Amino acid sequence: MLQLLTLSLAACGTETAAHRVAVPGPSSAAPDTAVHAQAPGEAGPGRGARAEPRAESEGRAEAAEGRAEAASPRLPLTAGRTTVFEHGVRDRADKTVALTFDADMTPGQARRAAGGERFDNPPLVDSLRRLKVPATVFMTGRWAEEYPDQAVLLDRDPLFEVANHSYSHGAFTTPCYGLPPVAPGAMVRDIDRGFAALRRAGVSPVPYFRFPGGCFDERTLRAVTPAKVTAVHWDVVSGDAFAKDADRVAEQVLGQVRPGSVVVMHLTLSAAPATDAAVRRIVPELRDRGYRFVRVSELIAKTPGAMH
């Protein structure tokens with residue numbers, strides 16, 4: 001269990017009282033296969049990106065922007081900096097839980113995807129649909145460029161909502177598990193670039209942002225304030241990153257969930273191959289306990305002080 005948790009934290013960040021301060025990732029080889037720091041200056045569309053006229057692309061982006069922003073509740077700034085949402089109201093009369101899935105993609109991973117490695121996970125999405133489970137997907141701009149058709153299908157399915165996970169999964173504070181750093185002056189631009197890539201794909205993202213690696217601190221929260229997002233973290237680490245034992249992942253989630261919990265998982269088959277099977281066990285067991293599944297926006301909407 002300790003090894004599974006350590007590997008999960010390498011991909012997502014720690015879940016401790018001190019999670020706002022980034023800590024170094026483990027030096028084992030397994031996390032390195034999924035983190036893949038990008039080389040300076042790497043950019044450009046992924047293998048699945050579709051070429052289209054600039055006017056058409058911009059028109060789709062504007063339409064996508066208009067569909068989501070006004071309808072999604074946010075949290076107001078806290079002491080002049082971006083507010084972090086970790087879990088919803090602990091209401092035992094309305095036991096809700098939000099499953100969230102990170103769709104990571106770096107330039108290095110895009111090159112590996114061109115060789116056939118899968119950083120999407122259609123069987124997992126099919127399971128969520130079959131089980132009728134609402135979920136929030138934190139998607140990098142690079143993932144949307146690599147899998148534009150899947151990004152649009154996720155966004156248009158009423159079960160799901162798509163949020164921002166940066167453009168190419170760089171670190172907003174360091175050290176952060178070997179991720180290449182994003183300069184303080186470039187943080188807002190990186191978030192904006194992520195939103196722009198999602199909208200070019202036809203996605204209408206909600207105004208939420210998840211820090212790559214789950215790494216952030218007070219300086220970071222002040223630096224990203226102009227982006228006007230609510231930062232969404234978690235209170236349940238699934239341990240699905242690099243895990244091959246679905247039952248262990250499921251048991252880890254089932255042992256931590258409380259009313260209002262936000263669970264972090266992954267929508268990347270290469271880095272999280274056991275997630276689909278784990279979800280197929282987690283969902284019915286939590287429903288047997290009286291939980292219902294919601295998107296993050298519903299948890300935020302019920303948070304005192306949320307702006308609608």
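The values are calculated or read from the model by the stated rules, or taken from the named source; none is laboratory data. Small disclaimer: the values here were computed from a predicted structure and weren't measured. Note that each Cβ is placed from the backbone with ideal geometry, even for glycine, and that neighbours are counted across all protein chains shown. Only protein heavy atoms, including side chains, enter the accessible area calculation; ligands, DNA and RNA are left aside. Shrake-Rupley method; radii C 1.70, N 1.55, O 1.52, S 1.80 Å.
For this structure, a couple of remarks:
- Number of the exception - Leu221 against (1) part of a loop (DSSP other than H, G, I, E, B); (2) over 26 Å from Asp157 (Cβ atoms); (3) open to solvent by less than 30 Å² (accessible area, probe 1.4 Å): (1)
- Residues that are at positive phi and surrounded by fewer than 22 Cβ atoms within 10 Å (Cβ to Cβ) are absent from region 119-131 altogether.
- Residue pairs whose Cβ atoms lie under 7 Å apart, separated by 6 or more positions or on different chains, with the first residue in region 285-308 and of a type in the set (Gly, Ala, Ser) and the second part of a helix (DSSP H, G or I), are Ala306/Ile300.
- Out of Gly214, Gly170, Gly141, Gly178, one residue alone is touching a helix residue (DSSP H, G or I) at 6+ places or on another chain (Cβ under 7 Å), on the phi > 0 side of the Ramachandran plot, surrounded by 20 or more Cβ atoms within 10 Å (Cβ to Cβ) and in contact (Cβ under 8 Å) with a residue 40 or more places away in the chain. It is Gly214.
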